[in-house]
Amino acid sequence: MLRKKICMEKPTILILQESKCSEIALKEKMQYIWKGSNTEAIDAIGTVGGMALIWDPSRISLKNLTKTPWFITADFNSIDIGIEGVLTGVYGPSTPLDKGKFLDSLMNTTNRA
């Protein structure tokens, strides 16, 4: 289903939540699903969670990539049209203890500029 959607939509950047696999497994799968793509991911814990940032390196360059257990963020540059910005995928925690850690890490990342 994902492969079909990627073929139809031809995205430049894709953020997946609930990837349910490790970064290594996801990179292997993405080379089959979206040939030539680059992948950065946060591992799932067993079959729960996981997040991935997947992009077409011929159209997007990324730098200053940061990963925490709850988000992936990076500066991006669109190679073909010259747009720059920051992209962040967030998958917040569900436990009260982790919510404070999440907010602290997010605040630290937003102050990186």
Give me the residue from segment 44-61 that is without any contact (Cβ under 8 Å) to a residue 40 or more places away in the chain and surrounded by fewer than 18 Cβ atoms within 10 Å (Cβ to Cβ) and, out of that set, farthest from T95 (Cα to Cα). S58
Only residues in segment 16-41 that are under 14 Å from D56 (Cα atoms) and at pLDDT 90 or above count as the first member; pair them with residues that are part of a loop (DSSP other than H, G, I, E, B) and of a type in the set (V, I, T), Cβ under 6 angstrom, at least 6 apart or cross-chain, and list the lot. none
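Yes/no matrix, rows are residues, columns are (1) among the β-branched types (V, I, T); (2) touching a residue at least 24 places away in the same chain (Cβ under 8 Å); (3) surrounded by 12 or more Cβ atoms within 10 Å (Cβ to Cβ); (4) closer than 13 Å to T39 by Cα:
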position: I79; (1), (2), (3), (4): yes, no, yes, no
position: G85; (1), (2), (3), (4): no, no, no, no
position: G89; (1), (2), (3), (4): no, yes, yes, no
position: P93; (1), (2), (3), (4): no, yes, yes, no
Take the residues in segment 43-78 that are among the charged types (D, E, K, R), farther than 18 Å from P11 by Cα and in contact with a strand residue (DSSP E or B) (Cβ under 8 Å, 6 or more places away or on another chain), then tell me which one is modelled with the highest pLDDT. K63
Can you find a residue in segment 94-107 that is within 18 Å of R3 (Cα to Cα), charged (D, E, K, R) and over 13 Å from the mean Cα position of the chain (by Cα)? no
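The values are calculated or read from the model by the stated rules, or taken from the named source; none is laboratory data. These figures come from a predicted structure and were not determined experimentally. For neighbour counting, all protein chains shown are included, and Cβ atoms are generated from backbone atoms with ideal geometry for every residue, glycine included.
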